[in-house]
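The structure appears right after this line, and notes come after that.
A short reminder: the numbers here are calculations on the coordinates, not readings from a lab. Treat the numbers as computed from the prediction; the structure is a model and nothing was measured. All Cβ positions, glycine included, derive from the backbone under ideal geometry; neighbour counts span all protein chains shown.
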Amino acid sequence: MIEKTIDIQVLNDFEKGLDPRHPERSNIPARIIGYGEMSTIFEINLRSLDNYAFKRMPIFRSTEEIDYYEILYREYNRLINDDIDVRIPESTSVRVIPNEGNMVLYIVQRKLPAQSICDRVIKVLDDNSIGKLVVLILREMKKVFEFNASGGNITIGFDGQISNWAIKDYDGSGPPHIDEDTQFYYIDTSTPLMSEKGVEKLNPDLFLRSAPSFMVWLIKWFFLEGVMTRYYDFHLVTVDLIANFYKEQRDDLIPSLIERANRFFEEEASELDTAPITQKEVHSYYREDALIWRLYLSLRKLDRFLHTNILRKPYVYILPGKIKR
Ligand SMILES: Nc1ncnc2c1ncn2[C@@H]1O[C@H](COP(=O)(O)OP(=O)(O)OP(=O)(O)O)[C@@H](O)[C@H]1O
Ligand SMILES: [Mg+2]
């Protein structure tokens, strides 16, 4: 059991000595292994924590908020793994309560080989295998959207982008072989979007905490509704997955991936009645998405500058450097 092997005291010490601007210079040094849009994932350089990946979420303002989030997080993971049958790496969450400022939740996951994460995998596969990989990922996602369509009270929001998948049991030696038996892990479970009878259970404000305060109202007005609801829509989640290939500098593959996805919708998932994807839609989605995130990141950097240089208050979030899109 992963819970029993995590030394909570070490995480407390880690948080105390963390340098969010330069994590590698922290008292207990850490190495960043992944940036998402909203969070940072790192490994901690201690032998006892060698097998884990840590996602730090310094966003909670009260115990009630953490309690509620943790319940949702666990329920979301349980549903996906046990009921929907999409595998998730072993994981747990650990709280760290600093003397001042937000409470921090660390999501701890078994660390997977970097070469097994699918944005890396597509760099070493031939084009045909990439096509097969995308279809296999669609097959995993179909289970989620079938669950959503099955008429229960709960529906699941799901973010199927390529960097959220890993090839299971692949140790990274040689290009992986992709066939019908290839199995996957879904790793990005820290945004537990769940809706009960049409009402979202996850408090979206939590994910705006890391946004500059001067932007929160703007995000709420313009984006939030769309951003939250698109994860419930198989068509849009697939558009997002395919648009990733722009970011990965493989836009040459997009037409054939669209073709495969549309064939999948028609032949393998016909009961879900998913509208076919067009080239134009993927392109304009990508441009808009890239623009939003670039803007968002630069405003966060401005916010960090204001905090540290003008307000002279600590800035607790870790921001990525330049992201190539
Ligand atoms: N358990 C893990 N083992 C190895 N690498 C991981 C693990 N978890 C995350 N990563 C790396 O970090 C990247 C980002 O992780 P993840 O998708 O969970 O967060 P995220 O995209 O920041 O989430 P969000 O955008 O919802 O905040 C992954 O694509 C992967 O490269
Ligand atoms: Mg992710």
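Descriptive notes on the structure:
- Output for the stretch 307-319, where each listed residue is loosely packed, with under 15 Cβ neighbours inside 10 Å and closer than 21 Å to residue 39 by Cα: 308, 313, 314
- Selection status of residue 163, in a helix (DSSP H, G or I), within 19 Å of the chain's Cα centre (by Cα), crowded, with 18+ Cβ neighbours inside 10 Å and within 16 Å of ligand 2 (Cβ to nearest atom): yes
- When residues in the stretch 89-99 are screened for being within 16 Å of ligand 2 (Cβ to nearest atom) and in a strand (DSSP E or B), 1 of them pass.
So that you can scan it fast, the table gives a plain yes or no per residue for (1) within 16 Å of ligand 1 (Cβ to nearest atom); (2) among the charged types (D, E, K, R); (3) part of a helix (DSSP H, G or I); (4) under 22 Å from residue 250 (Cβ atoms):
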residue: 101; (1), (2), (3), (4): no, no, no, no
residue: 128; (1), (2), (3), (4): no, no, yes, yes
residue: 152; (1), (2), (3), (4): no, no, no, no
residue: 174; (1), (2), (3), (4): no, no, no, yes
residue: 177; (1), (2), (3), (4): no, no, no, yes
residue: 181; (1), (2), (3), (4): no, yes, no, no
residue: 191; (1), (2), (3), (4): yes, no, no, no
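Condition check ((1) in contact (Cβ under 8 Å) with a residue 12 or more places away in the chain; (2) of a type in the set (D, E, K, R); (3) surrounded by fewer than 20 Cβ atoms within 10 Å (Cβ to Cβ)) across all residues:
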{"position": "49", "(1), (2), (3)": "yes, no, no"}
{"position": "57", "(1), (2), (3)": "yes, no, no"}
{"position": "61", "(1), (2), (3)": "yes, yes, yes"}
{"position": "65", "(1), (2), (3)": "yes, yes, yes"}
{"position": "69", "(1), (2), (3)": "yes, no, no"}
{"position": "75", "(1), (2), (3)": "yes, yes, yes"}
{"position": "78", "(1), (2), (3)": "no, yes, yes"}
{"position": "85", "(1), (2), (3)": "yes, yes, yes"}
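- Considering 59, 71, the condition of being under 28 Å from residue 318 (Cβ atoms) and either part of a loop (DSSP other than H, G, I, E, B) or within 16 Å of ligand 1 (Cβ to nearest atom) (or both) is satisfied by 59 alone.
Rundown of residues vs (1) of a type in the set (S, T, N, Q); (2) under 16 Å from the mean Cα position of the chain (by Cα), yes/no style:
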residue	(1), (2)
50	no, no
91	yes, yes
122	no, no
137	no, yes
